[in-house]
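Engineer: Please find one structure pasted underneath; my questions will follow.
The values are calculated or read from the model by the stated rules, or taken from the named source; none is laboratory data. Everything numeric here is computed off the predicted structure, so don't read it as measured data. Please note: Cβ atoms are built from the backbone with ideal geometry, for glycine as well, and neighbour counts cover all protein chains shown.
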Amino acid sequence: MAKVGERRDQQRLALIEAAERAIEGRGLAGLKARELAAEIGVALGAIYNLVEDLDELALRVAGRTLERLDAALSEASRRAPDASPVDQLVAVAVAYRRFASDNLHLWRTLFEHRMAPGRPVPDWALGDQMALFRHILAPLRILRPDLDATAHFRLSQTLFGAVHGVVWLGLEEKFVGLPPDELDAQIEALTRMVCAGLGEQIIDRV
């Protein structure tokens, strides 16, 4: 039985890696069960002995992407251990843009994938997503130690949403997006402006 379980684990990993390559090459539309089954050498129906469905498979790939993003943001913070909280937030924001640029299809899939109607995102996948907010929360707690945990989290969501919006529009090359060669400078300016506004009284009502 141990060998059977080990073989299944190997096939499952092979399936996730094949799905990752498919998304990396063609985006979420590249996630085709029949093609994936052929690539890893199993029958089409056997895929569903390895994962529940393509939603789970997309989430497993997203989890691997989030792990790599987490490592990139951690590395950005480590490069400047003595930096101010504002500089740390700038470094994380710019690292986020660079990761998105270097992993465009995988990064897009984090936001494009939708669960089937009526199916919630599993707790394990939500945990993967929420873990990344610590890179924003730690500097915010230093900048505004007077705020409670809820206010800190709301601020981290707002700051992430602002930076993500600029990155998304820029990389999608929308007509309102910034030119790619200006993204980092404007992301830094945006982050610094938000941080400068954290002393305003209105923030206390977040």
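Engineer: Please identify the pairs in which a residue from segment 64-78 that is touching a residue at least 40 places away in the same chain (Cβ under 8 Å) and more than 14 Å from Arg134 (Cβ to Cβ) has its Cβ atom under 6 Å from the Cβ atom of a residue that is part of a helix (DSSP H, G or I) and of a type in the set (A, V, I, L, M, F, W, C), counting only partners at least 6 apart or on another chain.
Structural biologist: Going by the 6 Å Cβ cut-off, the qualifying pairs are Thr65/Leu106.
Engineer: Please verify whether segment 83-90 includes one or more residues that are crowded, with 16+ Cβ neighbours inside 10 Å, under 24 Å from Val166 (Cβ atoms), among the polar types (S, T, N, Q) and touching a Pro at 6+ places or on another chain (Cβ under 7 Å).
Structural biologist: yes
Engineer: In segment 93-105, is there at least one residue being assigned by TED's automatic domain parsing to the domain that holds Leu190, among the acidic types (Asp, Glu) and out of contact with any Gly (no Cβ under 9 Å at 6 or more places or on another chain)?
Structural biologist: yes
Engineer: While we're on this one: Quick one: in segment 111-145, which of the residues that are of a type in the set (D, E, K, R) and without any contact (Cβ under 8 Å) to a residue 40 or more places away in the chain is farthest from Thr65 (Cα to Cα)?
Structural biologist: Out of the qualifying residues, it is Arg141.
Engineer: Among the residues of segment 1-43, write down those that are of a type in the set (Val, Ile, Thr) and closer than 19 Å to Asp102 by Cα.
Structural biologist: Ile23
Engineer: Now for a separate question. Quick test for you: out of Ala71, Ala91, pick the one residue that is touching a Ser or Thr at 6+ places or on another chain (Cβ under 8 Å) and either modelled with pLDDT of 95 or more or of a type in the set (Lys, Arg) (or both).
Structural biologist: Going through Ala71, Ala91 in turn, just one is touching a Ser or Thr at 6+ places or on another chain (Cβ under 8 Å) and either modelled with pLDDT of 95 or more or of a type in the set (Lys, Arg) (or both): Ala91.
Engineer: Here's another thing I want to ask about it. From the residues in segment 119-165 that are part of a helix (DSSP H, G or I) and among the aromatic types (Phe, Trp, Tyr), which one is farthest from Leu59 (Cα to Cα)?
Structural biologist: The extreme case among them is Phe153.
Engineer: Among the candidates Ile47, Ile23, single out the residue that is over 24 Å from the mean Cα position of the chain (by Cα), of a type outside the set (D, E, K, R) and in a helix (DSSP H, G or I).
Structural biologist: Among Ile47, Ile23, only Ile47 is over 24 Å from the mean Cα position of the chain (by Cα), of a type outside the set (D, E, K, R) and in a helix (DSSP H, G or I).
Engineer: Let me ask you something else. Check Ala72, Ala76, Ala46, Ala29 and return the single one that is surrounded by 13 or more Cβ atoms within 10 Å (Cβ to Cβ), out of contact with any strand residue (DSSP E or B) (no Cβ under 6 Å at 6 or more places or on another chain) and not assigned by TED's automatic domain parsing to the domain that holds Ala95.
Structural biologist: After applying the criteria, what remains is Ala46.
Engineer: Being of a type in the set (Asp, Glu), under 18 Å from the mean Cα position of the chain (by Cα) and either in the same structural domain as Thr150 (by TED's automatic domain parsing) or surrounded by fewer than 18 Cβ atoms within 10 Å (Cβ to Cβ) (or both): is that true of Asp53 here?
Structural biologist: no
Engineer: If we keep just the residues of segment 32-43 that are surrounded by fewer than 16 Cβ atoms within 10 Å (Cβ to Cβ) and in a helix (DSSP H, G or I), which is farthest from the chain's Cα centre (by Cα)?
Structural biologist: Looking at the filtered set, the residue picked out is Ala38.
Engineer: Among the residues of segment 1-20, write down those that are surrounded by 11 or more Cβ atoms within 10 Å (Cβ to Cβ), over 19 Å from the mean Cα position of the chain (by Cα) and acidic (Asp, Glu).
Structural biologist: Asp9
Engineer: Return the residues of segment 82-110 that are hydrophobic (A, V, I, L, M, F, W, C), part of a helix (DSSP H, G or I) and free of Cβ contacts under 8 Å to residues at least 40 places away in the same chain; say none if nothing qualifies.
Structural biologist: Scanning segment 82-110 gives Ala91, Ala95, Phe99.
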